[in-house]
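The values are calculated or read from the model by the stated rules, or taken from the named source; none is laboratory data. All figures in this text were calculated on a predicted structure; none of them were measured in a lab. Ideal geometry is used to build each Cβ from the backbone, glycine not excepted, and the neighbour counts take in all protein chains shown.
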């Protein structure tokens, strides 16, 4: 009997390939959660970035876009368009997913960027609805951490390069992203890229910085410094990360 997860991913792959088949300017499509977890992707040509890097960077891009749109326009962002020399990147954010579409610039501009912005948004809504009605949906690692550590006063998922993906903190997004990234990368250099996690301990609290995958790290601040309790939290974090792989 075919595994339900495999069947679901096959159906997502089919929808992606169909969209690429019907639209020649599309060079690739990547789908991930808002916390940077890869769901599926297909590309016509080799690209320099890894799939995880694309999803993590796109999630961070939409997080930043959403924040600036709320601050300056008091509106939710629908999509983000980036025009480069030969390519165009359109990111669309729905309730539960982030869709990134890379297009050939020349072919896209012949038909109009606006047309493909609409197509990407429509495709993202279709995929989002499909995911919501399926039995397969990846757990939101951010929500799982909040449930597992209810006393946490700060939770941040960021890229290793210091870009915010999803953050709930009293500290400004840019500051916590930069500091957590620097802390992880400095210790990673010392131990030749083998660090799993590090703990900062103060008189009344602790900060756990834990690797999620090759491109993302988690930072959790907890008003507790007891060694046995911190050990339990780290065990929970490890379990949640493992379940989301």
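Of note:
- The set of residues in the range 210-225 that are more than 13 Å from residue 152 (Cβ to Cβ) and surrounded by 16 or more Cβ atoms within 10 Å (Cβ to Cβ) comprises 211, 212, 215, 216, 217.
- Residue check, residue 157 within 17 Å of the chain's Cα centre (by Cα), under 30 Å from residue 6 (Cβ atoms) and not assigned by TED's automatic domain parsing to the domain that holds residue 35: yes
- Test for residue 181: is it crowded, with 20+ Cβ neighbours inside 10 Å and either within 21 Å of residue 64 (Cα to Cα) or modelled with pLDDT of 90 or more (or both): yes
- Selection status of residue 179, out of contact with any helix residue (DSSP H, G or I) (no Cβ under 9 Å at 6 or more places or on another chain) and either touching a residue at least 12 places away in the same chain (Cβ under 8 Å) or assigned to a strand (DSSP E or B) (or both): no
- Hey, residue 192 surrounded by fewer than 19 Cβ atoms within 10 Å (Cβ to Cβ) and touching a helix residue (DSSP H, G or I) at 6+ places or on another chain (Cβ under 6 Å) or not: no
- The set of residues in the range 226-245 that are surrounded by 15 or more Cβ atoms within 10 Å (Cβ to Cβ) and over 24 Å from the mean Cα position of the chain (by Cα) contains only 230.
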